[in-house]
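Written out below as structure tokens is the structure these notes cover.
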Amino acid sequence: MIKKCLFPVAGYGTRFLPATKAMPKEMLPIVDKPLVQYAVEEAAQAGLTDIGFVTGRGKRAIEDHFDISYELEHQIEGTGKEQALEGIRNLIEGCTFSYTRQMNMQGLGDAILKGETIIGDSPFGVVLADDLCIGEDQGVLSQMVGLFKQYRCSIVAIEEVPADQTHSYGVIDGEKISDTLVRVTDMVEKPAPEAAPSNLAIIGRYILTPDIFEIIRNTPPGKNGEVQITDALLTQARTGCVMAYKFRGRRFDCGSVGGFVEATNYYYEKLYDSNA
Ligand code: UTP
């Protein structure tokens, strides 16, 4: 059973400056809910209720969001506005929250390694909250937990991207197991289109086995001088097994302004337009 889920949220979110100068990117709302709450809801639905954040400077608002706000809650008690807090209250009641810090932003691999104190020695999920995922029938993490039960190895979520976008992702190659599953044999971080082994890009959902920590410790900084999780996963794929899963559903890249606006329009139509 996977119970733990890590949320690396230490990044600077420079693509959203000046909005992210003093506010975490993960607190940007899609309509009326911050990105990080969508992400924790997806984890909780998959049964991953031990939530661990790898935070950095200027990210205090995330801790406050997953806590009681006495004054505000007292103020709106008994009014219709209480309903707006139902979702977050349920999460606070159903999950535990732990926090650790990444002092220097040395890459996603380094951020995940900083989470070792929270995770320990069990398989765990990793969610990048700026990738907002909508599962077709069940959440993307739930789909991946189901697969983990079968394969018992690390799993990365993938999606097909246009060739001119491979430079923004880790891109995989591998042996096709089924229409939705590939056993990874190669992985390249942010390749130019001509260097990309395929158009299958890794998105922000992972299930990792805990041996990844030792592998990351032995992984030197790669692209951009950062410790890349892609490099560590390639080692794991070559010495053990990593599966890549084409999930059922849709992803919005809310780390970019275009993806953020698309997600906002999608949720606005879903939540409000249909009632108009
Ligand atoms: P990104 O590169 O997309 O996020 O990292 P960023 O650095 O915050 O955004 P930009 O590019 O400057 O706009 C993917 C995820 O990994 C986390 C980020 O918080 C984000 O959720 N991350 C990345 C860390 O926690 N630490 C790092 O050192 C790097």
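Filter the stretch 117-154 for residues that are in a loop (DSSP other than H, G, I, E, B) and either among the polar types (S, T, N, Q) or within 14 Å of the ligand (Cβ to nearest atom) (or both); which is surrounded by the most Cβ atoms within 10 Å (Cβ to Cβ)?
Taking the stretch 117-154 as the starting set, the residues that turn out to be in a loop (DSSP other than H, G, I, E, B) are 120-123, 128-130, 136-139, 152-153.
Next, only the ones that are either among the polar types (S, T, N, Q) or within 14 Å of the ligand (Cβ to nearest atom) (or both) stay: 122, 128-130, 138.
On the way: Ser122: 12, Leu128: 23, Ala129: 27, Asp130: 24, Gln138: 15.
Ranking the candidates gives Ala129 first.
Mind counting the residues in the stretch 97-109 that are in contact (Cβ under 8 Å) with a residue 60 or more places away in the chain and more than 6 Å from the ligand (Cβ to nearest atom)? Please lay out each step first, then the result.
So the first thing to find is which residues in the stretch 97-109 are in contact (Cβ under 8 Å) with a residue 60 or more places away in the chain, and the list is 101-102, 105-109.
Okay, now just the ones that are also more than 6 Å from the ligand (Cβ to nearest atom), so 101, 109.
Going through the stretch 97-109 one residue at a time, the tally reaches 2.
Looking at the stretch 158-173, which of its residues are surrounded by 15 or more Cβ atoms within 10 Å (Cβ to Cβ) and either part of a loop (DSSP other than H, G, I, E, B) or acidic (Asp, Glu) (or both)?
Within the stretch 158-173, Glu159, Val161, Tyr169, Asp173 qualify.
Are there any pairs with C-beta distances below 6 angstrom linking a residue in the stretch 7-27 that is without any contact (Cβ under 8 Å) to a residue 12 or more places away in the chain to a residue that is near the ligand (Cβ under 6 Å from one of its atoms) and not charged (D, E, K, R), with the two at least 6 apart or on different chains, and if so which?
Thr20/Gly13
Which helices (runs of 4 or more DSSP H) does the stretch 1-85 wholly contain that include 2 or more residues that are modelled with pLDDT under 95 and either away from the ligand (no atom under 16 Å from the Cβ) or of a type in the set (A, V, I, L, M) (or both)?
70-76
Residues being within 12 Å of the chain's Cα centre (by Cα) and closer than 16 Å to Glu63 by Cβ: count how many of those fall in the stretch 11-41.
Number satisfying all stated conditions: 6.
The conditions are (1) closer than 22 Å to Gly13 by Cα; (2) out of contact with any strand residue (DSSP E or B) (no Cβ under 6 Å at 6 or more places or on another chain), and Lys149 fails exactly one of them. Which is it?
(1)
From (1) in contact with a strand residue (DSSP E or B) (Cβ under 6 Å, 6 or more places away or on another chain); (2) more than 24 Å from Lys4 (Cα to Cα); (3) not polar (S, T, N, Q), pick out the condition that doesn't hold for Ile203.
That leaves (2) as the condition not met.
The values are calculated or read from the model by the stated rules, or taken from the named source; none is laboratory data. Values in this document were obtained by computation on a predicted structure and should not be read as measured data. Reconstructed Cβ throughout: ideal geometry from the backbone, glycine too, with neighbour counts over all protein chains shown.
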